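My structure is below; once you've seen it, I'll send some questions.
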Amino acid sequence: MSTLQRPVRRYLGRPDSIAPGHVPGVPGSSFEARRAADRTGLLWLIKAISGGLLIVFLGLHLIAQHLLVPGGLRDFASVVDYLRQPLALVTETLLVASVLVHAAIATRTFAAELVRNAGTLRVVSVVIALAAVATFGYTVWLTISVLSWSA
Amino acid sequence: MDDISRQVAGGRQIGLFRRATYWLEPRWRDPGWLAFAMNRLTGVIVLGYLVAHMVVLSQLAAGPSGWDSLLATFGSQPFLVGDTLLIGAVTFHALSGARVIMLTFGIGTRHSGALFGLVLLVSAGLTAMAGWAILFR
Amino acid sequence: MPETRIRLRIWRQPAGARERAGFETLEVTTDPQRDMVLDLIERAWAEVDRTLVFRHACHHASCGTCAVLVDGRERLPCVTSVQSVWDGHSPLTLKPLRNATVVADLAIEPAAVLAAMAALPLPYVRTVEREVRECSGGDGDGDVGTAERFEDCLECLACVSACTVAGGDPDYLGPAVLAAAQRIVEEPRGQDVGRVIDMVDSEHGVWQCRAIWACSAVCPSNVDPAARIMDLRRRLLTGDWPAAATTHAPAGSGASHG
């Protein structure tokens, strides 16, 4: 960890308060640069990777659901047949997971621009994450319901 | 909030409305602005579609009678046109995101505007192909 | 080219009275081929309205003091010729830079951003990228070695003004500070690189950039802040640091905010 305890030289030797108006939370004296590093870089990387995976899985999904099927739409029986193939099931599950991860991080990024309070942002982030997990859980339940449907 | 960021702010306040809409203020001289705004807009559109798609998929839980009756509706012309536009949004969003990733890794930094032009061209082409396949095949 | 009259549509904002701000049209004489935009501003102050507030210093694009919006685009008026921006009949609109507190009229308060750059701190002297060879009369093989020059950045804040993101996030470090940070990473010159990296690897640092590239488009001094921000991101993702940067914790280890 870098040490950030030493004070930084003041700009042109001018006195402490050189910004007009009140700046809440800023120490009144030297411009100490505190460590600001957070997890945003990791979130960006996950968003980028999930986006890349999305391109692959979404492409497969569009081909399987709309191009390989006469008429472009699967009826219920066709959906059941499709999901009974292990590879298809895994692909669709990974698609849902990557979509939700990508969407959740992107939504959180958008929210971070609106919410200035760190505590509130933490709450919003948790809500978004829970919504994504709940949606994934619902998708799993729906898949199981479809696969176990007997006429 | 870290101190250095607060110092950069210099006491400048930006209201909630402005924070929510700043990205919509046109900067036609900067192609990168259009790339960013369109990336965000298509993201919002696709997110909205995702929600709608989940609602529609929930009809699967009602079995064949719930699901098969919807197929005629979703196979109608207005929906097919909507599907084409949706593919356009998804394609642009994906390629635009790829552009940002490329720029982050130093690829094409001298040609960021031209990269955006390429993104527009390729996504328009792919959308046209998809539209032809959806609407006329 | 003969002199002609030009209307300057200038933003007037009395100090501390934002509510009385608005445009005012002042008319001056100009020779579009000879004059720079700053000449017109000074002429307006000298001949028309002595209460006009604006900044100027070196008059040759080395101090960055005079940057303003000329017809909506960030420029240094000291080196922007009138004929390059004026169509010959429309008023020329002059506004203070965006994304900064306006002191009065065309003058903004740069102290906050400049203090952040001083807090990095950005050394002003750098090495020259190319070798400098001294050519003597004989074999011309006298190599003077590595030369030094000043950093490109004028701290004019045109990039901050052009940045869309800075217009929505007042806490965004901005292209000027981030480009300066990248210069320290690229050429440490004895600075604590780890500390600089810690400052920029944050939500309001490099990860807030949306790759709009407006900053690089308006920079009058070839800093290319956008490419430098992307370079910082690449380094954060790949761990490509100069040997001096041994104190930075990897991305994702997290920390409480300062």
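Hey, among A:Arg116, A:Arg122, A:Arg108, which residue is closer than 30 Å to B:Ile14 by Cβ and within 10 Å of another protein chain (Cβ to nearest Cβ)?
Only one candidate qualifies: A:Arg116.
Right, another one. Which condition does C:Leu94 not pass, out of (1) part of a helix (DSSP H, G or I); (2) touching a residue at least 12 places away in the same chain (Cβ under 8 Å); (3) of a type outside the set (Phe, Trp, Tyr), if it passes all the others?
Every condition holds for C:Leu94 apart from (1).
Let me ask another. I'm trying to understand the selection: among the residues of region B:103-137, which are within 14 Å of chain C (Cβ to nearest Cβ) and crowded, with 20+ Cβ neighbours inside 10 Å?
Answer for region B:103-137, where residues must be within 14 Å of chain C (Cβ to nearest Cβ) and crowded, with 20+ Cβ neighbours inside 10 Å: B:Leu103, B:Thr104, B:Thr109, B:Ser112, B:Leu115, B:Phe116, B:Val119.
Against the condition surrounded by fewer than 18 Cβ atoms within 10 Å (Cβ to Cβ), more than 8 Å from chain B (Cβ to nearest Cβ), more than 30 Å from B:Trp132 (Cα to Cα) and aliphatic (A, V, I, L, M), how does A:Leu130 come out, does it pass?
Yes, satisfied.
Evaluate the following for C:Ala116: is it among the aliphatic types (A, V, I, L, M), within 30 Å of C:Val193 (Cβ to Cβ) and not assigned by TED's automatic domain parsing to the domain that holds C:Cys163?
No, not satisfied.
Further, regarding this structure: From (1) out of contact with any helix residue (DSSP H, G or I) (no Cβ under 6 Å at 6 or more places or on another chain); (2) farther than 17 Å from C:Lys95 by Cβ; (3) free of Cβ contacts under 8 Å to residues at least 40 places away in the same chain, pick out the condition that doesn't hold for C:Val28.
All conditions are met except number (1).
Right, next: Among what's in region B:31-89 and is among the small types (Gly, Ala, Ser) and under 12 Å from the mean Cα position of the chain (by Cα), pick the residue that is nearest to A:His66 (Cα to Cα).
Applying the filter and picking the extreme gives B:Gly88.
Can I ask one more? Looking only at region A:67-83, which residues are under 22 Å from B:Gly66 (Cβ atoms), under 31 Å from the mean Cα position of the chain (by Cα) and at the interface with chain B (Cβ under 8 Å from one of its Cβ atoms)?
Scanning region A:67-83 gives A:Gly72, A:Leu73, A:Val79.
Could you say which residue among C:Ala57, C:Ala61 is within 29 Å of C:Tyr124 (Cβ to Cβ) and either under 14 Å from the mean Cα position of the chain (by Cα) or touching a residue at least 60 places away in the same chain (Cβ under 8 Å) (or both)?
Residue meeting the stated conditions: C:Ala61.
Among what's in region C:116-126 and is over 25 Å from C:Arg73 (Cα atoms) and either assigned to a helix (DSSP H, G or I) or aromatic (Phe, Trp, Tyr) (or both), pick the residue that is farthest from the other protein chains (Cβ to nearest Cβ).
C:Tyr124
Which condition number in (1) at positive phi; (2) within 11 Å of another protein chain (Cβ to nearest Cβ) is the one that C:Gly88 fails?
Looking at each condition in turn, C:Gly88 falls short on (2).
Related question: Any idea which of (1) more than 14 Å from chain C (Cβ to nearest Cβ); (2) touching a residue at least 40 places away in the same chain (Cβ under 8 Å) is the one B:Val100 doesn't satisfy?
So B:Val100 meets the others, but not (1).
Has region C:228-248 got at least one residue that is closer than 23 Å to B:Trp23 by Cα and modelled with pLDDT under 95?
yes
Can you name the helices (runs of 4 or more DSSP H) wholly within region B:1-115 that have at least 1 residues being modelled with pLDDT under 90?
B:3-9, B:63-74, B:77-104
Has region A:120-130 got at least one residue that is under 9 Å from the mean Cα position of the chain (by Cα), of a type in the set (Lys, Arg) and assigned by TED's automatic domain parsing to the domain that holds A:Ile46?
no
Could we say that C:Val103 is within 14 Å of another protein chain (Cβ to nearest Cβ), surrounded by 16 or more Cβ atoms within 10 Å (Cβ to Cβ) and over 26 Å from C:Arg149 (Cα atoms) here?
Yes, satisfied.
The values are calculated or read from the model by the stated rules, or taken from the named source; none is laboratory data. In this text, all values refer to a predicted model and were calculated from it rather than measured experimentally. When we count neighbours, we look across all protein chains shown, and the Cβ atoms used for this are built from the backbone with ideal geometry, even at glycine.
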